[in-house]
Amino acid sequence: MARRIAGVVVAAAIVSVVAACDGMTEGSPSTSISAAEAPLFNPCTGIPDDVLRSAGVDPATEESGVAGVHQHGWEICGWIGKKYAITVYSTRRTVAEFEQKPGNVDFRDVTVAGRQGRQFKVEGASKNLDCSVLFPASQGGVLQLQIGNRASLDDPEDPCTVLYRVGESIVPVLPA
């Protein structure tokens, strides 16, 4: 039962982030895909199991896409731990597109594991449970690391604090 509840919380968090980016302008040079472009980084295959374990999640809980469904223009993978879930998104959308999307709030520059990024949250019920950082990527667009605290925890740790700690393991394996 606890695993099912955790799955629902993770799925809701993923849907909120993808929905927060839904409707962003497509077809601009930053989001169009040509045959010459490299494929998007796939976090499900690109993040080793030992890195996931050191970040505090179980590699066996891996879920690709949103509730197992691939999202066009995205590579998404998530994992569940005892206190939080980690989701990594890969897209050709830009930081500016995320910043212009209504509902994405509290942007600020941060450094995670020595890499410059742009932290933000999504307005709504999970705002105090989730934290995301966008990292510009040479694939075009960004890689996004999101932490979602379990809603069932009493007095959960600040999700951005968790993200910085978890990022020490995950960010070094993300492509520049």
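The table that follows gives values for the structure above.
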quantity: Those lysines that a straight Cα-Cα span of less than 22 Å connects to residue 101, excepting residues fewer than 8 apart in one chain; calculated: 121, 127
quantity: Length gained when the stretch residue 116-residue 138 is fully extended (0.36 nm per residue, less Cα-Cα span); calculated: 6.6 nm
quantity: Segment residue 54-residue 165, length gained on full extension (0.36 nm per residue, minus Cα span); calculated: 38.9 nm
quantity: Placed amide H near residue 58: partners under 5 Å, 5+ positions off or other chain; calculated: 80, 81
quantity: Computed E for residue 106/residue 153 - FRET, C-beta separation, R0 30 angstrom, nearest 0.05; calculated: 0.90
quantity: Solvent-accessible area, 1.4 Å probe, carbon plus sulfur percent, for segment 63-176; calculated: 49 percent
quantity: Probe 1.4 Å, protein heavy atoms only - accessible area per residue of segment 70-153 in square angstrom; calculated: 40 Å²
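The values are calculated or read from the model by the stated rules, or taken from the named source; none is laboratory data. As the structure is a prediction and not an experimental result, all values here were calculated from the model. As a convention, Cβ positions derive from the backbone with ideal geometry for all residues, glycine included, and neighbour counts pool all protein chains shown. Side chains included, ligands, DNA and RNA excluded: accessible areas come from the protein's heavy atoms. Shrake-Rupley method; radii C 1.70, N 1.55, O 1.52, S 1.80 Å.
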